[in-house]
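The values are calculated or read from the model by the stated rules, or taken from the named source; none is laboratory data. Source: prediction; values computed, not measured. Using ideal geometry, Cβ is built from the backbone for each residue, glycine included, and neighbour counts are taken over all protein chains shown. The accessibility values were calculated without ligands, DNA or RNA, using every heavy atom of the protein model including side chains. Shrake-Rupley method; radii C 1.70, N 1.55, O 1.52, S 1.80 Å.
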Amino acid sequence: MPPTPTTATGAAAVTPEHAPRRFPRVFRVNPRSDRFPVLAFHHVELWCADAASAAGRFAFALGAPLAARSDLSTGNSAHASLLLRSGALAFLFTAPYAPPPEESASAAATASIPSFSAPAARTFAAAHGLAVRAVGLRVADAAEAFRVSVAGGARPAFPPADLGHGFTLAEVELYGDVVLRFISYPDNNETTLPFLPGFQRVSSPGAVDYGLTRFDHVVGNVPEMAPVIAYMKGFLGFHEFAEFTAEDVGTAESGLNSVVLANNAENVLLPLNEPVHGTKRRSQIQTYLDYHGGPGVQHIALASADVLRTLREMRARTPMGGFEFMAPPQAKYYEGVRRIAGDVLSEEQIKECQELGVLVDRDDQGVLLQIFTKPVGDRPTFFLEMIQRIGCNEKDEVGQEYQKGCCGGFGKGNFSELFKFIEDYEKTLQANQSVVAQ
């Protein structure tokens, strides 16, 4: 038998006999069915009307300083793209310039992202507001990933392009107006270039690091999951890591169905949600689809090795233009936390979770800490999740310690709390609309 893993706090990790009894044990099966090597999330790109404004707010709110740029100052007259970094987390904000018609062809030639289209970007921003355009994955060979994906049924969005310095970019359609972007490059280029060729490194002296380290998962909302799941599994080969239904995660008023797709290493997680109809209230997923104007990325989970410290930094900046967070659960919620995670979290940590409004859940392998922001743009659509996974530490063939993917699950026990918050938030919006109408 493998040795018993330990948590970051030194306590024994969750074992089946210590699993919370409110849910049956989850039996995980990883068929290692990827159709091509998917290494990790590389970046997420948001299209917007003004890259400087959006990037500035995210940098301040997340402690992810500006690390690279491609814009007029670097000779790019097609688009302004600003990259924020925190650990392996990379947010790219892109907005189109509007050159005179006679200069449009020459401007496009200066774009550092060859798939960029100014007309498409303007249409996208008008339709969706601040929203995710591309989910970038680092793959072993972007050209091969594109070829295999298209052969597996993927709809091509942009054929493989040589960016120079050993970088290749290609794109296929994901859902709605979102594309899945494949990036490949030699390992040594990761340190010699700040991002992609055409981007200039930016120094941000004095920037405060809040402790965010990587993307944990990127969640999409679609009207109907089954065809999208079949489409994605068909060209990616990803396996289903988890499935939740309205009975698992809904409230008395609304619900959703959800499936999590994962790569072989389970470090690239692409959950999908669909609305449940016929409930007392319209599903929050349907509200997203209505305001977003169709399928898209609902939220992105950002991982931290110390989410309590990250939250202290973020909440300190909320009154000054940072992100607002969902309302904390009632005090009795944390009595349940003591029962299911009191052997992993100290009493001081549980009290701090309560103070900060952090939700806690546990599966048969580890513990999950999570919290959600309110929508970060004008529309009740795109939001963020801060997350920490505790436990599931193992050693690889050479003795290097690592944490298994998806440790602690996806907060199945907390979905009802999130739903209640969103329902209350929507009721507030509807009440305000009624007052204005009168």
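Go through ALA301, ALA316 for me and flag whichever is buried (at least 18 other Cβ atoms within 10 Å of the Cβ) and modelled with pLDDT of 95 or more.
ALA301
Among the residues of the stretch 319-343, write down those that are open to solvent by less than 10 Å² (accessible area, probe 1.4 Å), hydrophobic (A, V, I, L, M, F, W, C) and part of a loop (DSSP other than H, G, I, E, B).
If the condition is that a residue be open to solvent by less than 10 Å² (accessible area, probe 1.4 Å), hydrophobic (A, V, I, L, M, F, W, C) and part of a loop (DSSP other than H, G, I, E, B), then PHE323, MET326 are the ones that fit.
Would you be able to say whether some residue in the stretch 101-116 is within 18 Å of LEU270 (Cβ to Cβ), buried (at least 16 other Cβ atoms within 10 Å of the Cβ) and either at pLDDT below 95 or of a type in the set (D, E, K, R) (or both)?
No: the stretch 101-116 contains no residue that is within 18 Å of LEU270 (Cβ to Cβ), buried (at least 16 other Cβ atoms within 10 Å of the Cβ) and either at pLDDT below 95 or of a type in the set (D, E, K, R) (or both).
Restricting to the stretch 71-82, name every residue that is over 16 Å from SER203 (Cβ atoms) and hydroxyl-bearing (Ser, Thr, Tyr).
Answer for the stretch 71-82, where residues must be over 16 Å from SER203 (Cβ atoms) and hydroxyl-bearing (Ser, Thr, Tyr): SER77, SER81.
Please go through the stretch 181-240 and give me each residue that is within 28 Å of GLU313 (Cβ to Cβ) and basic (Lys, Arg), ordered by number.
Hits for the stretch 181-240 are ARG201, ARG214.
Do we find that LEU84 is within 24 Å of THR213 (Cβ to Cβ) and not small (Gly, Ala, Ser) in this structure?
Here the answer is yes, as LEU84 does meet what is asked.
Specify which of the listed residues (ALA88, ALA51) is modelled with pLDDT of 95 or more and either open to solvent by 70 Å² or more (accessible area, probe 1.4 Å) or over 17 Å from the mean Cα position of the chain (by Cα) (or both).
One residue alone meets the criteria, ALA51.
Does any residue of the stretch 368-384 turn out to be without any contact (Cβ under 8 Å) to a residue 24 or more places away in the chain, out of contact with any Ser or Thr (no Cβ under 6 Å at 6 or more places or on another chain), of a type in the set (Asp, Glu) and surrounded by fewer than 15 Cβ atoms within 10 Å (Cβ to Cβ)?
no
Could you list, in sequence order, all residues of the stretch 385-399 that are in contact (Cβ under 8 Å) with a residue 40 or more places away in the chain and at positive phi?
Matches in the stretch 385-399: GLY391, CYS392.
Against the condition open to solvent by 60 Å² or more (accessible area, probe 1.4 Å) and β-branched (Val, Ile, Thr), how does THR168 come out, does it pass?
Judged against the criteria, THR168 is not a match.
May I ask you to list the residues in the stretch 147-162 that are out of contact with any helix residue (DSSP H, G or I) (no Cβ under 6 Å at 6 or more places or on another chain) and not β-branched (Val, Ile, Thr)?
Matches in the stretch 147-162: ARG147, ALA151, ARG155, ALA157, PHE158, PRO159, ALA161, ASP162.
Among the residues of the stretch 270-290, how many are open to solvent by 40 Å² or more (accessible area, probe 1.4 Å) and at pLDDT 95 or above?
Residues that pass the stated criteria total 1.
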